[in-house]
């Protein structure tokens, strides 16, 4: 039984049960069981594709071929990956009426695919969306992947032939201010924040749990590995998210 793995589990159940305004903050670790590699983990994509070259906004503007090489390598992952038990557990928490928003660093759309109806604030964008940088038309990712599979080094806009860019935040590219403001609002107005599968190593997203704590919220960390912010946690559970989170939520 999961309850014997960590003595913090019963406490987490009680905290969730009596919290009325919960916000979930999810990172790459929440999607790894779906088949999406955690880019920063050993063996992850960043070992094969240096992000400062292949996922860098400044480089993209000059040499977009590098990013599209990375995207081409990720196509098999995109095609097989699906939401996992952790995403579904958050839908169950939402149905209980406790969950008010999800702030995610992920770009995979899994929260929406799992059925989340609360606001999902995608700080780093959504990989399903591709936009033309010239005529600003929205393009289906399936079309872009088709062009990459056909051998295009740099896919072009089907409407104007212009440059296209995935709607994701690359390195050296700022987060959309509007999204950060929304995330800050939910962080500062929750009574409990779940930090799920995040190393909390990326600024400014990693400041949101601190804002929540400063405003009086409790923080529950459920991660496979420790983070440098664990000292701020009300309680911390180290283990597999897709094991612990469904058990905790179903036990409320």
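The values are calculated or read from the model by the stated rules, or taken from the named source; none is laboratory data. Nothing here was measured: the structure is a model prediction, and the numbers come from that model. With ideal geometry, Cβ positions are generated from the backbone for all residues, glycine too; neighbour counts draw on all protein chains shown.
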> Inside the stretch 227-252, can you point out the residues that are assigned to a helix (DSSP H, G or I), out of contact with any strand residue (DSSP E or B) (no Cβ under 8 Å at 6 or more places or on another chain) and free of Cβ contacts under 8 Å to residues at least 60 places away in the same chain?
Replying inline: 231
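If we keep just the residues of the stretch 90-106 that are more than 24 Å from residue 179 (Cα to Cα) and touching a residue at least 40 places away in the same chain (Cβ under 8 Å), which is surrounded by the fewest Cβ atoms within 10 Å (Cβ to Cβ)?
Filtering first and then ranking leaves 96.
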>> So residue 147 passes all but one of these: (1) assigned to a loop (DSSP other than H, G, I, E, B); (2) over 25 Å from the mean Cα position of the chain (by Cα); (3) surrounded by 14 or more Cβ atoms within 10 Å (Cβ to Cβ). Which condition number does it fail?
In response: (1)
>> Taking the criterion of being over 14 Å from the mean Cα position of the chain (by Cα), within 24 Å of residue 245 (Cα to Cα) and part of a loop (DSSP other than H, G, I, E, B), would at least one residue in the stretch 153-170 satisfy it?
In response: no
> If a residue has to be touching a strand residue (DSSP E or B) at 6+ places or on another chain (Cβ under 9 Å) and either closer than 30 Å to residue 118 by Cα or part of a helix (DSSP H, G or I) (or both) to count, how many in the stretch 62-83 make the cut?
Replying inline: 5
> Taking the stretch 170-187 as the region of interest, how many residues are under 19 Å from residue 69 (Cβ atoms) and surrounded by 14 or more Cβ atoms within 10 Å (Cβ to Cβ)?
Replying inline: 3
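Checking the structure you have, find out if any residue of the stretch 115-124 is within 14 Å of the chain's Cα centre (by Cα), surrounded by fewer than 19 Cβ atoms within 10 Å (Cβ to Cβ) and in the same structural domain as residue 20 (by TED's automatic domain parsing).
So in the stretch 115-124, the residues within 14 Å of the chain's Cα centre (by Cα) come out as 116, 119-124.
So of that shortlist, the ones also surrounded by fewer than 19 Cβ atoms within 10 Å (Cβ to Cβ) come out as 119.
Filter once more, keeping what is in the same structural domain as residue 20 (by TED's automatic domain parsing): 119.
Taking every residue of the stretch 115-124 in turn, at least one turns out to be within 14 Å of the chain's Cα centre (by Cα), surrounded by fewer than 19 Cβ atoms within 10 Å (Cβ to Cβ) and in the same structural domain as residue 20 (by TED's automatic domain parsing).
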> at pLDDT 95 or above, surrounded by 21 or more Cβ atoms within 10 Å (Cβ to Cβ), under 23 Å from residue 163 (Cα atoms) and in contact with a helix residue (DSSP H, G or I) (Cβ under 6 Å, 6 or more places away or on another chain) - does that describe any residue in the stretch 18-40?
Replying inline: no
>> Being buried (at least 16 other Cβ atoms within 10 Å of the Cβ), at pLDDT 95 or above and in the same structural domain as residue 16 (by TED's automatic domain parsing): is that true of residue 210 here?
In response: no
>> Considering only residues that are farther than 20 Å from residue 199 by Cα and in a loop (DSSP other than H, G, I, E, B), which ones fall in the stretch 84-123?
In response: 96, 97, 98, 115, 116, 117, 118, 119
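Condition check ((1) touching a helix residue (DSSP H, G or I) at 6+ places or on another chain (Cβ under 8 Å); (2) without any contact (Cβ under 8 Å) to a residue 60 or more places away in the chain) across all residues:
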position: 158; (1), (2): yes, yes
position: 168; (1), (2): no, no
position: 172; (1), (2): yes, no
position: 185; (1), (2): no, yes
position: 188; (1), (2): yes, yes
position: 192; (1), (2): yes, no
position: 199; (1), (2): yes, no
position: 203; (1), (2): no, yes
> Can you name every residue in the stretch 216-226 that is part of a loop (DSSP other than H, G, I, E, B), touching a helix residue (DSSP H, G or I) at 6+ places or on another chain (Cβ under 9 Å) and either farther than 17 Å from residue 15 by Cα or not assigned by TED's automatic domain parsing to the domain that holds residue 119 (or both)?
Replying inline: 224, 225
